[in-house]
Amino acid sequence: MKTTRQALGITIILVLLLPWMLAAQETGNSIMQKVMDTQAATSSAMDIRLTLIDSNGETRERRIQTLSITENGLTNTITVFLSPASVKNTRFLTRERSDGNDDQWIYLPALGRVKRIAASEGNGSFMGSDFTYADMASTTYDTQEADHTLLGDAVLLDRQAYIVQSVPRIVSPYVKTTTWVDKESFLPLRVEFYEQQAADPSKVLTTEETALVDGRWLTRSITMRTAANNHSTRIEILQAKFDIPMNSGYFTTAFLETGRTQ
Amino acid sequence: MKGINTPGQALDERGFASLPPQRARYFTLRSLHSLGRATSKLIPFPSLRLEMKGIVSILVVLLLASLPLSAFDGFTDIFGPTDEVAVTGTSQETPFDPSLGINGSVGFSIEGMRALDNTREIETAIGGGLEIDLAWKGSIVDAQAKLALKPTIDTPLQWIDIFKGLSITSYFNGGRLEAGLLKKEWGAGDGVHVVDVLNAPDYRNGIVDDSLAMKVAEPMVLTTANWNNTALEVVYKPLLVPMLVAEDPAHRWSMLTEGQATLFSTATVNQTTSAELSRFANGQYGGRLVGTFGPADLGLIYYNGFYTMPAYDVRAYYSSGGAIDIGFTRAQLFATEATVVTGVFTFMFEGGFWLSEDASATEPETYNSKWVYLGAVGIRIPGTGAYASITCHGQYILGFDETNPIDVDTMQANQSSDGKAYMNTLTAAVDIPLARERVTVRLAGTYQIETKGYALLPSVMYSISDDLVLKVAGRLFGAVGDAPDSLFKTWAANDSLAVGITYLF
């Protein structure tokens, strides 16, 4: 009987400690892998509004839609600019090649032609925003791209979060990033981007709204602020769909030119 | 400036013909160096306008008949009409919903230039107006109309200036069929080409920083088939549309030298009529096959058409004082194009052989065969968002006879390449976005090596808001040092500065 009570007691203790033990087992790598897994999809469609906010509070809006599909580990993406009028109907097609490089074409409606171009420079500004092209692809690194170190826990915006420092192994404009990861959703709540050896981050990404839709966590609104000029850019996901059937005809130069999958 | 002695036209008391009616079209004898195309002399061109008018009317009827249609407005078959995060894991494709798309701009500009009479006064030209792009999209049919209403003080509007494009496109499985007034671009280069043959150039306003504006929309039927990463275009053009230049020999953008103007004012010129230009035998056709192979896009081109510059038979004029006959030289183009991307660099190539109907180069009134070539490299400048490119292009005329001054090739070379069989031109351009794309600085320049002629087109655009753009642009022409005659040298007095504001919608 005594043995039984001892076993029960140990079991209760283990059960009580299990979350802590599991949490303690999390590493920087495992956390960031879950971040990537949370956002992974075989296909995605997003309707996005970018709001550029200057230091005086003046705003400019851009609207884009993007479709992505991943087949055999290679991702194709098409992006359409819907506004402002100066770039409306400009379309980008990016195809990932098996050698890791991207093929990229652009359709310029003013010229009515499709042109092959060099892949966008990773650290160039995306549409004049505070996001670089690389930021638009992802603001976090997978485990192959960076060394991730779990720095500790914190409460951010009433959410329990891990703090992970990432030092990229790939070419990046940032020497390190620090990411607050929501323990429940594994979405980034805040990312600080450091350039050179500066003590303060050059840019800060803040998640403003998340949503749980059909069991899937989504980031709905984020803002990137550049410290040097206090300029910021808000990205709002107006619509998002994941793992939906998608016509492969979207990811062709013919679609770029005509806007039709034919 | 003397007028043109058009057949049947009355002469004035001095024995000269009066200037032709306003808005008649002419082709001039001056060659164009930088763009690899030559032109010839003055030909009134009103009848082709009537031809265009008829075609336009037919297309308008067809366009209206194809309603209802719509324009591309995002992935409407995937996204719903309301802005809300949709459920995941399911496809909520919405049914096709035809609609009408309208885009365009309205603007005003003023361009100042020195007066041509050396009075140091400034002449101003008022520009701007309204441009509208109408687009309808149906389930299998698109229709597009690109209209421009840009009246100027001294010239009335013409059909050819109003309809920048008017077409209907029908889609079928794996391809499409387009018909109408179209502007198309063939070739890999950055705005400069040697194999871009489907539209005649328009130099009535000199050279501007808008390559599409310098093309004449031409009637054509074009079908495109797509499979895998390959596209095949086949085109037919029923009319011979020659290039357009400034209509008035005294116009500042005229390509005529004074000597040429004198020559053609004293000679009887047998014009090429609209009926001749639109004869069935003048139909042109071609094809372009383009495919993607790893980091390269490669293309093959065949085109059976004409050199767009008129050719002048001046033999009778010089031997017996007879008339100058105007003709056009039929030629076939066998060409290739390639774009290769590596890192931040984009390499572009075009090369081709024009096989003239005068393959033996024995007829002075027709242009000879020639090689054309282009090499260019573009680079995205790291850390700046800027893009720069440099292009070298040129031609080499076969069977060139510099000892025969009445051969059209020699006449062209004397005007465009200092009398040489070869002609090479450098073109450079840089586009720099600043202040989060509120400001764009552009500089384009071209230098014709044989004649030392140059053109510079700098501009700065400032976005007051996303739909309101202020633009300041300049045009500078001239030649370096003691240079031979050239187009840019002729235009040296046409340096200008323009300020304009445009509202986009």
What strands (runs of 3 or more DSSP E), lying completely within region A:124-190, carry at least 3 residues that are touching a residue at least 40 places away in the same chain (Cβ under 8 Å)?
-> A:146-156, A:159-168
Does residue A:38 count as over 30 Å from residue B:230 (Cβ atoms), more than 8 Å from every other protein chain (Cβ to nearest Cβ) and not small (Gly, Ala, Ser)?
-> yes
Those residues that are within 14 Å of chain B (Cβ to nearest Cβ) and among the polar types (S, T, N, Q), I need them from region A:169-184; list them, please.
-> A:172
When you go through (1) in contact with a Leu (Cβ under 6 Å, 6 or more places away or on another chain); (2) without any contact (Cβ under 8 Å) to a residue 12 or more places away in the chain one by one for residue A:219, which number turns out not to apply?
-> (2)
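For residues that are of a type in the set (D, E, K, R) and closer than 23 Å to residue B:117 by Cα, scanning just region B:446-505, find the one that is surrounded by the fewest Cβ atoms within 10 Å (Cβ to Cβ). Let's see the steps before the verdict.
Here is the first cut: in region B:446-505, the residues of a type in the set (D, E, K, R) are B:450, B:452, B:466-467, B:471, B:475, B:482, B:485, B:489, B:495.
Subsequent filtering for residues that are closer than 23 Å to residue B:117 by Cα retains B:475, B:482, B:485, B:489, B:495.
On the way: B:475: 22, B:482: 6, B:485: 18, B:489: 19, B:495: 15.
In this case the residue turns out to be B:482.
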Mind counting the residues in region B:208-224 that are assigned to a loop (DSSP other than H, G, I, E, B) and farther than 20 Å from residue A:111 by Cβ?
-> 0
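Residue-by-condition table, conditions (1) among the β-branched types (Val, Ile, Thr); (2) over 30 Å from residue B:392 (Cβ atoms); (3) buried (at least 17 other Cβ atoms within 10 Å of the Cβ):
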residue: B:191; (1), (2), (3): no, no, yes
residue: B:197; (1), (2), (3): yes, no, yes
residue: B:219; (1), (2), (3): no, yes, yes
residue: B:232; (1), (2), (3): no, no, no
residue: B:235; (1), (2), (3): yes, no, yes
residue: B:241; (1), (2), (3): yes, no, yes
residue: B:267; (1), (2), (3): no, yes, yes
Which condition does residue B:419 not pass, out of (1) in contact (Cβ under 8 Å) with a residue 12 or more places away in the chain; (2) crowded, with 19+ Cβ neighbours inside 10 Å, if it passes all the others?
-> (2)
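I'd like to check something: does region B:186-202 contain any residue that is closer than 22 Å to residue B:373 by Cα and polar (S, T, N, Q)?
Restricting attention to region B:186-202, the residues satisfying the condition of being closer than 22 Å to residue B:373 by Cα are B:186-202.
Okay, now just the ones that are also polar (S, T, N, Q), so B:199.
Looking for residues that are closer than 22 Å to residue B:373 by Cα and polar (S, T, N, Q), one finds at least one in region B:186-202, hence yes.
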When region B:114-141 is checked residue by residue, the ones that are modelled with pLDDT under 90 and hydrophobic (A, V, I, L, M, F, W, C) are B:115, B:116, B:122, B:125, B:126
Note on region A:240-257: residues surrounded by fewer than 22 Cβ atoms within 10 Å (Cβ to Cβ), facing chain B (nearest Cβ under 7 Å) and not aliphatic (A, V, I, L, M) are A:243, A:245
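Any idea which residue in region B:160-179 is nearest to residue A:260 (Cα to Cα), counting only those that are more than 9 Å from chain A (Cβ to nearest Cβ) and within 17 Å of the chain's Cα centre (by Cα)? Give the derivation first.
Taking region B:160-179 first, the residues more than 9 Å from chain A (Cβ to nearest Cβ) are B:160-164, B:166-168, B:170, B:177-179.
Keeping just the survivors that are within 17 Å of the chain's Cα centre (by Cα) gives B:160-164, B:166.
On the way: B:160: 29, B:161: 29, B:162: 28, B:163: 25, B:164: 23, B:166: 19 Å.
Only one residue fits best here, namely B:166.
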Select from region A:90-135 the residues that are of a type in the set (Ser, Thr, Tyr) and facing chain B (nearest Cβ under 9 Å) and write down the one among them that is surrounded by the fewest Cβ atoms within 10 Å (Cβ to Cβ).
-> A:125
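Could you list all residues from region B:271-327 that are charged (D, E, K, R), crowded, with 21+ Cβ neighbours inside 10 Å and either more than 14 Å from chain A (Cβ to nearest Cβ) or more than 22 Å from the chain's Cα centre (by Cα) (or both)?
So in region B:271-327, the residues charged (D, E, K, R) come out as B:276, B:279, B:288, B:297, B:313, B:315, B:325.
Among the residues that remain, those that are also crowded, with 21+ Cβ neighbours inside 10 Å are: B:288, B:297.
Within region B:271-327, B:297 is the sole residue that qualifies.
Restricted to region A:220-239, and to residues that are charged (D, E, K, R) and more than 11 Å from every other protein chain (Cβ to nearest Cβ), which residue is nearest to residue A:46 (Cα to Cα)? Write out each step before concluding.
Here is the first cut: in region A:220-239, the residues charged (D, E, K, R) are A:220, A:225, A:234, A:236.
Subset that is more than 11 Å from every other protein chain (Cβ to nearest Cβ): A:225, A:234.
Numbers: A:225: 22, A:234: 15 Å.
Filtering region A:220-239 for residues that are charged (D, E, K, R) and more than 11 Å from every other protein chain (Cβ to nearest Cβ), the one nearest to residue A:46 (Cα to Cα) comes out as A:234.
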Given the conditions (1) at positive phi; (2) under 20 Å from the mean Cα position of the chain (by Cα), and given that residue B:120 satisfies all but one, which numbered condition is not satisfied?
-> (2)
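The values are calculated or read from the model by the stated rules, or taken from the named source; none is laboratory data. Everything numeric here is computed off the predicted structure, so don't read it as measured data. When we count neighbours, we look across all protein chains shown, and the Cβ atoms used for this are built from the backbone with ideal geometry, even at glycine.
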